[in-house]
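The values are calculated or read from the model by the stated rules, or taken from the named source; none is laboratory data. Bear in mind the structure is a predicted one, so any value in this text is a computation, not a measurement. Cβ atoms come from the backbone with ideal geometry, glycine included; neighbour counts cover every protein chain shown.
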Amino acid sequence: MTGENDSGGWPLHYRILLAMVIGTVVGVALNPGEIAISGPVELRIVHDENAILFSEVIPETSKVLYSEKFADAAALAKSYPRLAEALGEKAELTVACDNPRARIVRDRSGVTIVWQRNHDGNPAVSQIAASSGEKLPEFWRLLVSQHPAGVAGGMTIAAKALGDLFLQLLKMVTVPLILTSLVTGVTGLGSRGNFGRMFGRTITYYIVTSMLAITTGLVLVNIIHPGVGAILPGGGAVVEQSEESVVEIVFQQVLRLFPANPIEAIAQGEFLSIISFAILLGIFINFIGGDHGQRLTELFEAAFAVMMRMTSWVISLAPFGVAAFMIFATASQGFDVFRTLAWYMLTVALALAIHAGIILPLIVRFVAKRSPLEFARHMSSALLTAFSTASSNATLPLTISCVEQQAGISNRTSSFVLPLGATINMDGTALYEVVAVLFIAQATPGFEMSITTQVTIALTALIASIGAAGIPHAGLVMMAIVLQAVGLPLEAQGIIIAVDRILDMFRTSVNVWSDSCGCAVVQQLTESSD
Ligand code: ASP
């Protein structure tokens, strides 16, 4: 993708790294260690059929700020022992946080609500949430956003707003980018003639390796559990999960593949419907051919070029978004976020290393019948370019030349397998989607991680990786599909953006490596059947 260095000077990834550092330093400086909300606040805590509801008592409204559901009273008592004790048999507790009677503070150990038990001068205090197992992150954030205390509070809220603006821009380009990228990809395929059997083999390779990558991600994220105990933006929302079976969910996804009204699907941002409609559109543009086909092909190519440029522009703003989210994260959460993200990054990196360093080489050795080490050496300049640009598309010319000139694979194979692969075969992205979404799911209170959910995540991650464009951060943009499929909040993506660039560099190298291995496999299978 062009536009990486548009603003002159440093490449984007260095600017993002710098933004992370600056955002962190500013956030840490703003973090006073203990943040109190300003002004008197009265809170109502209601215990209602194993749900707890936190509301601020505002005359006439008393809107619930935060709620959490539990399977039974014992589960509530386990999560909030102090709160359960304070509630006792009562269904409701009102806490008047009007100093000095009560205080709500956020310090390094969590959110604490401290108040005097009675008014007869007894100094006993109760804390309803203090240890790391009793955090009330979302509730706290909402309260702070309504009562920001001091300059630090105000700046934290401003940083959050700026970060949200960047997320909004990313969302803005997603739908037109998917539509134009897929139509252009499919129409480009048709003009290369009919490759019948090669198409079958190539697609089989893409699906098998993507599923292997997804399985590696699933296994590691279930072993390491990087999201347990993490605090994410939007992560405190109560999630309504469906109790449908895999068959029902798959059937519903199949139904969504054929939108009754494609324009409505585009307007609603129904990604699956948009992807299938775009593929059909591309197929029928080729089918109709002639003048009309030509004109439409050119139209979509032009629109795609514009969308790529617009996406470049949005991505060039990433340093601001990243700095803003880092300020928000470090100023309001302390250092928890780094520990949390370190485990997340480690899980992604380890899973990618296993897929690229063990699974794909085994396929090269036993199916393509080549030496994986030698093949990797031949591909090294393409892999390094993929790493530094984080774009399969930008790397494509290098990938083709390495595959043909260094590894001796025919142009007939590479001209088909590589461009298609750069568009739809993204093992690294598929793996990343699974790890990132399960990380968010693990960090979302009340989200139940059933086998059905994991299967849905695996299948939609495959679709998301197929739909992702070969440009920086496309995987992050496409993650919305997977989050949407299992009902997770899109806002939770906010904090993982901070480390997306570095993970993108690794996953793009894996994407390009898998496309190259695919060439070797298809070449070998074609030669042996000729
Ligand atoms: N940057 C990746 C690629 O170009 C796509 C992604 O964001 O996962 O292959």
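All of (1) of a type outside the set (Val, Ile, Thr); (2) within 15 Å of the ligand (Cβ to nearest atom); (3) modelled with pLDDT of 95 or more hold for Ala520 with one exception: (2). If the condition is being within 13 Å of the ligand (Cβ to nearest atom), modelled with pLDDT of 80 or more and either surrounded by fewer than 20 Cβ atoms within 10 Å (Cβ to Cβ) or charged (D, E, K, R) (or both), then region 481-501 contributes only Asp500.
Taken together, the residues in region 381-436 that are over 30 Å from Val221 (Cβ atoms) and modelled with pLDDT of 85 or more amount to 6.
Applying a threshold of 6 Å to beta carbon distances and a minimum spacing of six or more residues, or different chains, the list of pairs starting in region 466-478 at a residue that is within 15 Å of Trp313 (Cα to Cα) and ending at one that is near the ligand (Cβ under 7 Å from one of its atoms) and of a type in the set (Gly, Ala, Ser) reads Ile471/Ser391; Pro472/Ala390; Pro472/Ser391; Ala474/Ala468. Looking across region 371-386, just one residue is under 12 Å from Cys519 (Cα atoms) and away from the ligand (no atom under 16 Å from the Cβ), and that is Phe375.
Look at region 397-420: where a residue is acidic (Asp, Glu) and a partner is part of a helix (DSSP H, G or I) and surrounded by fewer than 18 Cβ atoms within 10 Å (Cβ to Cβ), sitting 6+ places away or on another chain with Cβ atoms under 7 Å, you get Glu404/Asn411.
Scanning region 271-305 for residues that are under 21 Å from Asn393 (Cβ atoms) and free of Cβ contacts under 8 Å to residues at least 24 places away in the same chain turns up Glu298, Leu299, Ala302, Ala305. Residues in region 456-478 that are near the ligand (Cβ under 9 Å from one of its atoms) and not small (Gly, Ala, Ser): Ile471, Pro472, His473, Leu476, Val477, Met478. Could you tell me whether Ala356 is within 22 Å of Met211 (Cβ to Cβ), buried (at least 22 other Cβ atoms within 10 Å of the Cβ), touching a residue at least 12 places away in the same chain (Cβ under 8 Å) and within 16 Å of the ligand (Cβ to nearest atom)? For Ala356, the condition - within 22 Å of Met211 (Cβ to Cβ), buried (at least 22 other Cβ atoms within 10 Å of the Cβ), touching a residue at least 12 places away in the same chain (Cβ under 8 Å) and within 16 Å of the ligand (Cβ to nearest atom) - is met. Cβ-Cβ distances below 9 Å connect the following pairs, each with a first residue in region 437-450 that is farther than 10 Å from Leu488 by Cβ and at pLDDT 85 or above, a second residue that is small (Gly, Ala, Ser) and surrounded by fewer than 21 Cβ atoms within 10 Å (Cβ to Cβ), and a separation of six or more residues or different chains: Gln442/Gly229.
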